[in-house]
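Peer 1: The structure follows.
Derivation of every value follows stated rules applied to the coordinates shown; laboratory data play no part. Keep in mind that this is a model prediction, so the values were computed, not measured. Heads up, the Cβs are rebuilt from the backbone with ideal geometry, glycines too, and the neighbour counts pull from every protein chain shown.
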Amino acid sequence: MYNIPAPTGLSVEGYRTLIIVVMAIILIVFEPVPLPAVAMMILILQVLLGIDTSNGVAKSFMSDAVFFIMGSLMLAVAIVSQGLDSRLALGIIKLTGNKTWKIVIGFIAISAFLSSFIGEHTVTAMMMPVGLTLVKNSGVDKRSTSKLAALILFSIAYGSAMGSIGTPSGGGRNVIMLGYMKEFGVGNISYLEWMKYAYPILFVEIPLAAVILWYTFKPRQLILDSAVRKLKIQVTKKGSMRGNELLTIFIFILVFLGWVLFSSKVGLGIIALIGVFLYMAFGLIRWEDLNRNTNWGVVILFGAAVSLGLHMKDTGAAFWVADTAINWMKMISDDVSIIRWFIAVVLTGLLTNLLSNAATVAVIGPIVLNMGGDPLVMGFSTAIASAFAYLTVVASPTCMIIHSSGLVDKSDYLRAGWKMFIMSVLVLFIISNFW
Amino acid sequence: MKFLIAVGSQEFSEPTLRVGMQVAKAFKAAVTIAYVGPKISKFSASQVRFTQERMEEWEFDRPGVEVLEWAFAFLADNNYIAPTTIEAGFSKNTLVQTSGNRCEVYLQGTVCKDVNLILRNGDIIAELRDEVQRGKYDVTIIGGSQKKGMAHDLVQYIDSSIFIVKNYNQEQSYSLLLPVNDSPHTPKAVKYGVRVAQAFDIKVNLITVSKTESFGEGYTQASNRASKLMRRVGIDHEHRYKTGDPVMIIKNEAGNNHIIVMGASTKNPLLKFFAGSKPLKVMEDCQCPILIVK
């Protein structure tokens, strides 16, 4: 590829940037080398292929979005370590009662609500023991509870994925897109403005997701009376809330308020790091635990992906890809507004199921912002579509976490996922056009 | 000697474990029983590990521990492990993380040298291959009902001999079918065949197949040596010479009441990949257990 001349209209640097994009996508999907090695390769090649100087690459590597990803991964470890899952269990039971369909709605809604503010995998990690305790207590035979297990686990995973669009802090990709929007001069969207656009999507999606999952994995157990009772007893044994747990919640509320009130001034990433600092300063989490449980490889990879995205913009590669895509679309119809939107959303949704959602936004973001139309709608829709990680086990950490339980098959993701995917695209289309 | 027995579940792996331990006992081999759980993407590895730690606090075992627990019970019921180890019971706390995706528990063996139980996560072929390289195993034993094509891939890519316990029925009486020719792996296959026949106390049917009517000197010498060894160790045996397609003849002779022991192909790996080999074809076509000796 390196020896083929650059296509007309694309600079040599832009062409070389696209070569790195293709290589990185292949390496991320097939994982022949460790992910941090892919990150290193991106950074090294950007310098060696003459796309930017080493200082330029280093500067593009670290941004508020990367601070946020790093901070939110560490916040997740700090919060989950406190054992708040048992409190969560009690809350769910009080809210839903013992009917299975109500419990399913409860799991989806609570997972979605919580993952709007903290990372989706954090929520899944806290909700999964609660869900599996209910499954375990509802029958001894693994076969008789297999559909119930799938129903509850997918309620948690998909609820968390859906909820991660709710606020900018719901996922690193939201912050990456906000960063791009700022860089491209599209404008600043505040924390509350984002919620104003995103929450209506969530409100529509939650009941629809419950219906889809219910009819895909209809369980034999329609009432979980004894399972709920046993869970209550198990949770009550843990006693009343301890000081550490209260302090954990208090610090998180402070972080949330910081995001709402000050993120436009100091950035979401810095506020997340303040939260991590407070958890460590108050002795709620040790550095050793943070260090052991934070996936630093992912942080480095996202930094490299953002750097690549920025160089796609600077070298004109993003514009060239967008322009070429628009010209192809014009061969179908002169009015490309709807086709453009669908291609951006569906492509993002599909890529997010193969790559990670943050890496997808980092690479696709600069292209969609150059595709014309209202960049705010295009950028926002792309960020939202990157949460449609329903189709594969590797789509997101939440999907992988429930798969690691050994209770859901790979085929279950497609069984439920395609319905969820189509529903989500349609809901996003309606809301982005009429809200 | 060192044997690796791969188990998938309590439901389907009982014959594999039973046959594997019986053969290991005959060889007085050290045994490792391995369960390979689902592959965890590198993107999600730390989140999954972290969640599993939370699950343990809620008294949930990580997937696969129940399979090892069942294997422990099987070993205890059949007295393959020392009474003191049985008395101590299967303690999940003794699972030692030996690398990122590998846990191990050591049990003191009785008739076999040592017995280890291990839990791995990842692609089953890659994990078993890694385990074989790491532990330098002589024989890997797997069930026949595992993922389609898995046995084929294992034979291709794993350095040890492979025993595929396909359609084994404990109630049925078996004979041992031992194809003998001038292949360099035949002498080792004959030695393994003797041990397996002793383990199951069964008759050996030696068979030499030639595509033409004439049997070369190498063929006759190999079959005479094999017969001599059988006589010397006192194994009931019979020797037949057949002409025709070796794969078809071995398949017809084996039926479903033989355990086949044969040498691996000496073709180069690339040729084997594209053109296949006799042992691979026999393994795919036959409906009985087969040990391919490398």
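Peer 1: What's the average, rounded to a whole number, of partner chain beta-carbon atoms within 10 Å of each residue's beta-carbon in A:76-84?
Peer 2: Neighbouring Cβ atoms belonging to other protein chains average 2 per residue here.
Peer 1: Okay, next question. With the Cα gyration tensor of segment A:125-276 in hand, convert its eigenvalues to equivalent ellipsoid semi-axes via √(5λ) and list them largest first in whole Å.
Peer 2: 36, 22, 11
Peer 1: Oh, and also: If amide hydrogens are placed 1.01 Å from N in the peptide plane, which non-local residues have theirs closer than 5 Å to the one on residue B:177?
Peer 2: Those qualifying (amide H under 5 Å, at least 5 residues apart or on another chain) are B:205, B:259, B:260, B:261.
Peer 1: Once amide H atoms are placed 1.01 Å from N in the peptide plane, what residues at a sequence separation of 5 or more from residue B:141, or on another chain, have their amide H within under 5 Å of its amide H?
Peer 2: B:4, B:5, B:6, B:163
Peer 1: Hey, what angle do you get for helix A:120-137 against the long axis of chain A, alpha-carbon based, 0 to 90 degrees rounded to 10?
Peer 2: 30 degrees
Peer 1: At each listed q (0.17 Å⁻¹), what is the log10 of I(q)/I(0) that the Debye formula gives for segment A:240-391 modelled as equal alpha-carbon point scatterers?
Peer 2: -1.06
Peer 1: So, R0 is 60 Å and r is the distance between the beta-carbons of residue B:267 and residue A:330; what FRET efficiency does that work out to, to 0.05?
Peer 2: It comes out at approximately 0.60.
Peer 1: Next question, about the same structure. Counting every Cα pair in segment B:2-165, what percent are over 27 Å apart?
Peer 2: Of all Cα-Cα distances in segment B:2-165, 21 percent exceed 27 Å.
Peer 1: Could you tell me the calculated FRET efficiency between residue B:22 and residue A:44, based on Cβ-Cβ distance and R0 = 56 angstrom, to the nearest 0.05?
Peer 2: The formula returns an efficiency of 0.55 here.
Peer 1: Shifting gears a bit: Rounded to the nearest 10 degrees, what's the angle between the helix B:65-77 long axis and the longest principal axis of chain B, both from Cα atoms, 0 to 90?
Peer 2: 60 degrees
Peer 1: Taking θ = phi - 60°, what integer Hz values does the Karplus form 6.51 cos²θ - 1.76 cosθ + 1.60 yield along segment A:342-350, in sequence order, with x for Gly and Pro?
Peer 2: Residue by residue, segment A:342-350 yields 5, 5, 4, 6, 5, 4, 4, x, 6 Hz.
Peer 1: Please order B:286, B:103, A:399 by the number of other Cβ within 10 Å, starting at the fewest.
Peer 2: Final ranking by Cβ density, sparse to dense: B:103, B:286, A:399.
Peer 1: Which value, in nm² and rounded to one decimal, describes the direction-averaged projected area of the C-alpha convex hull of chain A?
Peer 2: Mean orientational projected area (chain A, Cα hull): 21.2 nm².
Peer 1: So, in nm, how far is label residue A:266 from label residue A:287 when the simple model puts each one 7 Å beyond its Cα toward the Cβ?
Peer 2: 2.1 nm
Peer 1: Quickly rank A:99-108, A:368-377 as a protection proxy: mean count of other C-beta atoms within 10 Å, highest first.
Peer 2: Descending packing order for the listed peptides: A:99-108, A:368-377.
Peer 1: Then there's this: How do A:313, B:203, B:28 rank when sorted from fewest to most other Cβ atoms within 10 Å of their own Cβ?
Peer 2: By the 10 Å Cβ count, ascending, the order reads B:28, B:203, A:313.
Peer 1: Taking segment B:129-228, which GluC sites (Glu not before Pro) meet the DSSP loop condition and have no more than 15 other C-beta atoms within 10 Å?
Peer 2: Loop-located and lightly packed - B:171, B:213.
Peer 1: Let me ask you something else. So, in nm, how far is label residue B:191 from label residue B:212 when the simple model puts each one 7 Å beyond its Cα toward the Cβ?
Peer 2: 3.2 nm
Peer 1: Could you list the square roots of 5 times each eigenvalue of the Cα gyration tensor of segment B:175-293, that is, the equivalent ellipsoid semi-axes, sorted largest first and rounded to whole Å?
Peer 2: After diagonalising the Cα gyration tensor, the semi-axes are 21, 16, 14 Å.
Peer 1: How much of the DSSP bridge set in the protein assembly as shown is antiparallel, in percent, rounded to the nearest 5?
Peer 2: So the antiparallel bridges amount to about 30 percent of the total.
Peer 1: Next up: Treat the protein assembly as shown as a sphere of radius equal to its Kirkwood radius over Cα pairs and apply Stokes-Einstein at 4 °C in a medium of 1.567 mPa s; give the translational diffusion coefficient in µm²/s, rounded to a whole number.
Peer 2: The estimated diffusion coefficient comes to 45 µm²/s.
Peer 1: At a 10 Å Cβ-Cβ cut-off, how would you order B:177, A:84, fewest neighbours first?
Peer 2: Ordered by Cβ neighbours within 10 Å, fewest first: A:84, B:177.
Peer 1: Counting partner chain Cβ atoms within 10 Å of every residue's Cβ in B:55-67, what's the average?
Peer 2: Across the residues of B:55-67, the mean count of other-chain Cβ atoms within 10 Å is 4.
Peer 1: Specify whether the C-alpha gyration tensor of segment A:21-78 places it in the rounded, prolate or oblate class, a ≥ b ≥ c being the square roots of the eigenvalues: rounded for a/c under 1.5, otherwise prolate if a/b is larger than b/c and oblate if not.
Peer 2: It comes out oblate by the Cα gyration axes.
Peer 1: Moving on to the next point. Quick check on my link table: of A:94/B:39; B:39/B:267; A:419/B:42; A:147/B:281; B:191/B:251; A:196/A:265, which ones sit more than 29 Å apart, alpha carbon to alpha carbon?
Peer 2: A:94/B:39; B:39/B:267; A:147/B:281
Peer 1: Another question, then. I'd like the Karplus ³J(HN,Hα) series for segment A:33-48: coefficients 6.51, -1.76, 1.60, θ = phi - 60°, whole numbers in Hz, and an x wherever there's a Gly or Pro.
Peer 2: Coupling constants for segment A:33-48: 10, x, 4, x, 5, 5, 4, 4, 4, 4, 5, 4, 5, 4, 7, 5 Hz.
Peer 1: Still on this model: Can you pull the mean other chain C-beta count within 10 Å for peptide A:401-409?
Peer 2: Taking all residues of A:401-409 together, the mean is 6.
Peer 1: Round to the nearest 10 and give me the degree value, 0 to 90, for the angle of helix A:146-163's Cα axis relative to the longest principal axis of chain A.
Peer 2: The answer is roughly 50 degrees.
Peer 1: Going highest first, how would you order A:345-353, A:410-418 by mean Cβ packing within 10 Å?
Peer 2: Put in order of decreasing packing, that is A:345-353, A:410-418.
Peer 1: Something else about it: Is the shape of chain B best called rounded, prolate or oblate, per the rule: a/c under 1.5 gives rounded, else a/b larger than b/c gives prolate, else oblate, with a ≥ b ≥ c the square roots of the Cα gyration tensor eigenvalues?
Peer 2: prolate
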